[in-house]
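Trainee: Quick one: structure below, then a few questions.
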Amino acid sequence: MNGGAAVGLAGAALLYRFSPQENSFYPRCPFYALTGHLCPGCGATRAVAELLHGHVAAALHFNAAMTLLLPVLLWYFAKMYWTAVREDRVEWPQVPEPSWRIALACVLLFAVVRNIVPAFF
């Protein structure tokens, strides 16, 4: 479990040190390469890099969905990590089923809207 946390911290350090806007070694989106349309994850790497530097507005510009969902994801994995450290077992926190459906619908709606009205996203 500590290995996963170390990989996450190393990834954050990499994003902090090497900006995706200035370095070309980050992977390109295959969906965008094939279709020319932005997927729900397009810009997520740049958004996280901007958040690590405290630039919330820039992060929202690159990927609003990731920027808004990141605190929830961090809480979810922090809770799982805490349980693993404290009780020496991995337990995925239970999320109410409607939450998953609502989140999925919002992400899909975001994917459609950001391609229809690209000036806002």
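Trainee: Please list the helices of the chain that count as membrane-span-like by this rule: a mean Kyte-Doolittle hydropathy of at least 0.0 together with Cα atoms stretching 27 Å or more along the helix axis, each helix being a complete DSSP H run. List each step's numbers first, then the result.
Mentor: Working: long enough: 64-87 (35 Å, 0.91); 97-116 (29 Å, 1.22).
For the chain, where a helix must reach 27 Å along its axis and average at least 0.0, the hits are 64-87, 97-116.
Trainee: In Å and whole numbers, how far do the C-alpha atoms of the chain stretch along each principal axis, longest first?
Mentor: Cα spread of the chain along its principal axes, largest to smallest: 47, 37, 27 Å.
Trainee: From the helices alone, meaning DSSP H stretches of at least four residues, give me the mean residue ellipticity at 222 nm for the chain, per-run term -39500 (n - 2.57), in deg cm²/dmol to the nearest 500.
Mentor: -21500 deg cm²/dmol
Trainee: Of the listed peptides 80-88, 55-63, what is their order by residue-averaged count of other C-beta atoms within 10 Å, with the highest listed first?
Mentor: The peptides rank, most packed first, as 55-63, 80-88.
Trainee: Expressed as a rounded percentage, what relative contact order does segment 33-92 have, with Cα pairs under 8 Å and six or more residues apart?
Mentor: Rounded, it is 24 percent for segment 33-92.
Trainee: Under a plain spin-label model, where a point goes 7 Å from the Cα along Cα-to-Cβ, how far apart in nm are R89 and Y16?
Mentor: Result for the modelled spin labels: 3.4 nm.
Trainee: So, R0 is 30 Å and r is the distance between the beta-carbons of H37 and I102; what FRET efficiency does that work out to, to 0.05?
Mentor: E between H37 and I102, to the nearest 0.05, is 0.80.
Trainee: So, for segment 1-104, what is the accessible surface per residue at a probe of 1.4 Å, expressed in square angstrom?
Mentor: Here the per-residue accessible area is 71 Å².
Trainee: What's the extension gain from M80 to Y26 if we count 0.36 nm per residue and subtract their Cα-Cα distance?
Mentor: Between M80 and Y26, full extension yields 16.6 nm more.
The values are calculated or read from the model by the stated rules, or taken from the named source; none is laboratory data. These numbers come from a predicted model, not from an experiment. Note: ideal-geometry Cβ built from the backbone for every residue, glycine included; neighbour counts use all protein chains shown. Just the protein is used for accessible areas: all its heavy atoms, side chains included, with ligands, DNA and RNA removed. Shrake-Rupley method; radii C 1.70, N 1.55, O 1.52, S 1.80 Å.
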